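Have a look at the structure below, then the notes.
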Amino acid sequence: MSADARTCPTTGLRIYRAADSLIQANAVAATVALLVGGVAAILVLLTRWQAVHLLDVVWFYRILTVHGMTMLIFFIIFFEMAVLYFAGAVLLNARVPAPKVGWTAFALMVVGALMVEWQMFTGKADVLFTSYVPLRAEPPFYLGVILFAVGALTVTGHFFAILVYAKRERTYEGSWPLVVFGAVTAAIIAAATLLHGAAVYIPTLLWSMGLINIDAQFYRLVWWGLGHSSQQINVAAMVAIWYLLAALTVGGVVLSEKLSRVAFGLYIMFISMASAHHLLVDPGMGPSWKIWNTSYFMYMAVLASMIHGFTVPAGIEAGQRLRGVTQGMFGWLRRAPWGDPGFSSMVFSVVVFGFIGGITGVTFGTEQINIIAHNTLRIPGHFHSTVVSGTAMAFMGITYYVIPLIFRREIAFYKLAQIQPYVFALGMVIFSVAMTFAGTFGVPRRHWDITFTGAPFQVQFSPAVDLLIGVTAVGGLIAAAGGGIYILVTVVSVFFGKKLAPDDSGLGATGRGLPLGITHPPRALTQAEQESELPSTRLGSVPGTMVLVLVFLATFIAYYFVNWKLLSVVWKVG
Ligand code: HEM
Ligand SMILES: [Cu+2]
């Protein structure tokens, strides 16, 4: 083996130095973004908490713009770039064909992000995350977004090149592992999404320079081709990490490769039409367009998430049972490694994403119900349980494996790391549920002052709203504490953590700052167990998961029904 690669002592994978350092750079950039976006989150939260009302009106919208851009674009996408290098180069033992291209792309993304931050903080881009035309930012804002997107598109292309090289050089046997397949899904959607990005941001740049006109409805349509589809990149990346963490922490099995692959394929085919749920109150689109696009085939993408939401826990249950953890209906859950932050993060990510994010998303995206949810706090309530409790939480979980496996460091403050997922998930659940309820009482999103001081009209919310906003704030602060612990642990581990010896897998070591999946990796399945794996795909052999699925469906039906009921009250029918 050449000197520019090492063999991972834990997984036996061959890892090239360029892959190592590109993953590290992107992960560090993501963490810096998380810190900036997190501070902004606290400021926005303390302003929306009417009892504190921290920022003035200008800075509220400015910092809200910073929060949305820095979290949803910079934090999430930098992390996804690391995931692509990991899934391509590390999991397939492959070389990074053009490290220089990788670094150029990284530089473009950093420069683009800095330009955007600079414009936002100097008050030249108070346009919020969606930058809806005719709200206008200065040209460098749009240029920064474009540079960032070109960098991300380059990494996506590079990822495909890694796949081609890996195949040509036969660095792996058989077909891609499911995690790689998931990353490929994310990358395909990313390519399509980033092209939408070009289609909207290049004209908008020209518009902000005064060169052309842009129609507001055109902007919204194309922008959501970017804005919604990019959420599906996040979902695909998150699901790939679910499978990876399930395998690393408890030896979760893949019940049916085919089913899981088909589910990933459904994302690619049916996601872009779901963008329509952002345009449901727009006057420019007709009712049949709206109903068609937010029903029928859109549910295929929902179906895909529900398939993964079944196969991931079922794979964990089957894996546990095959390894002898067979007690009762839920022994596989009770005896799971709850002290492994990779495991707990993954479980919370699955549960909160499914139960809160998924159910509210399908409900609010229904053409008829949308009218009572649109632009209320129900919307940020919904997406903080998808992209934050789901995707960001999964990213946090995989970090506890990336630190030892890629950065080759022990995890600092391991006890804190172990409670981190609990703090973050608990805070986020309180935050997003309370926010959603406040929205149900009609409280608007993106609103600086819901007491409407000095307004020519009176608006009186239900007295419950004060309480709900207070609970939202407390939940948000708990979540922020969880985010703070994550940043502390990762930064200290990466820069000051105890180095692992090159050949040290941590096997058998105890009491050290490493997750259980590394010190005590799940035992490989024996030949006999592998052969008995087939029958385990029969649904009856995962009874615990079946019960959980039924609870999920019941919750889903109840919430959906209640919302139609609420709608009928608004309409004064029934
Ligand atoms: C502790 C963590 C977080 C807290 C406390 C928090 C809090 C908030 C609050 C209070 C708002 C304003 C809602 C409104 O007034 O309409 C908001 C908006 C938003 N947040 Fe977060 N957030 C957190 C993490 C995140 C993360 C990790 C992401 C993305 C990955 C994210 C993405 C967004 C976006 C996209 C918006 C909407 C911005 C807009 O309306 O333009 N947040 N957040
Ligand atoms: Cu959407």
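When each full DSSP H helix of the chain is screened for a Cα extent of at least 24 Å along its own axis and an average Kyte-Doolittle hydropathy of at least 1.0, the helices passing are 17-48, 99-121, 139-168, 178-208, 414-440, 464-496, 543-570. Under the simplified labelling scheme, the A107-A51 pair shows an inter-label distance of 5.2 nm, with each label point 7 Å from Cα along Cα→Cβ. Over the residues of the chain, the helix contribution to mean residue ellipticity at 222 nm works out to -21000 deg cm²/dmol, using -39500 (n - 2.57) for each DSSP H run of at least 4. Counting only residues at least eight positions apart within a chain, or on another chain, the lysines with an alpha carbon under 29 Å from that of K167 are K100, K258. As a calculated quantity, the FRET efficiency between H520 and R6 at R0 = 30 Å, using C-beta atoms, amounts to about 0.85. Were the residues from W571 through Q530 laid out at 0.36 nm apart, the gain over their Cα-Cα distance would be 9.0 nm. Dividing the radius of gyration of the alpha carbons in segment 342-465 by their Kirkwood radius gives 1.13 for Rg/Rh. Within the straight-line cut-off of under 21 Å between alpha carbons, the lysines reachable from K498 are K415, sequence neighbours fewer than 8 places apart in one chain being disregarded.
Partner lysines whose Cα lies under 28 Å from the Cα of K565, excluding those fewer than 8 positions away in the same chain, are identified as K290. Taken along the Cα-to-beta-carbon direction at a fixed 7 Å, the label points for A554 and V325 span 2.5 nm. Summing charges over all other residues whose Cβ lies under 12 Å from the Cβ of E410, with Lys and Arg as +1 and Asp and Glu as -1, gives +4. Across the options G358, L211, G439, the greatest Cα extent toward the positive end of the charge dipole of the chain (unit charges at beta carbon of Lys, Arg, Asp, Glu) belongs to G358. A convex hull fitted around the alpha carbon atoms of segment 262-303 yields 55 Å³ per residue. Based on every Cα atom in the chain, Rg and the maximum pairwise Cα distance Dmax equal 23.4, 76 Å.
Note on segment 52-163: Rg/Rh from Cα positions, Kirkwood definition for Rh, rounded to two decimals, is 1.09. If Lys and Arg each add +1 and Asp and Glu each add -1, what is the summed charge of the other residues whose beta carbon sits under 14 Å from the beta carbon of V155? Taking every Cβ under 14 Å from that of V155, the sum is 0. Taking the dipole about the Cα centre of the chain, with the C-beta of Lys and Arg at +1 and of Asp and Glu at -1, give me whichever of I478, F561, F129 is farthest to the positive side. Farthest towards the positive pole: I478. Between amide H atoms placed 1.01 Å from N, distances below 5 Å from R409 occur with L500, all of them 5 or more places distant or on a separate chain. As a calculated quantity, the FRET efficiency between L206 and W292 at R0 = 30 Å, using C-beta atoms, amounts to about 0.40. Counted residue by residue at 0.36 nm each, then reduced by the alpha carbon distance between them, the extension gain from D215 to D466 reaches 86.5 nm. Computed from the C-beta positions of E367 and W448, the FRET efficiency with R₀ = 30 Å rounds to 0.50.
Mind running the shape call on segment 75-229? Use the C-alpha gyration tensor, a ≥ b ≥ c as the square roots of the eigenvalues: rounded below 1.5 for a/c, prolate if a/b tops b/c, oblate otherwise. Cα axes put segment 75-229 in the prolate bin. Averaging 1/r across all pairs of distinct Cα atoms in segment 278-395 and inverting the result yields a Kirkwood radius of 16.3 Å. Stretching L416 away from I487 to a fully extended chain increases their span by 24.4 nm, per 0.36 nm per residue minus the current alpha-carbon distance.
All of the numbers you see were taken from the coordinates with simple rules; none came from a lab. Just so it is clear, the structure is predicted and the values come from calculations on it, not from any experiment. Cβ coordinates were reconstructed from backbone atoms using ideal geometry, including for glycine residues, and neighbour counts include every protein chain displayed.
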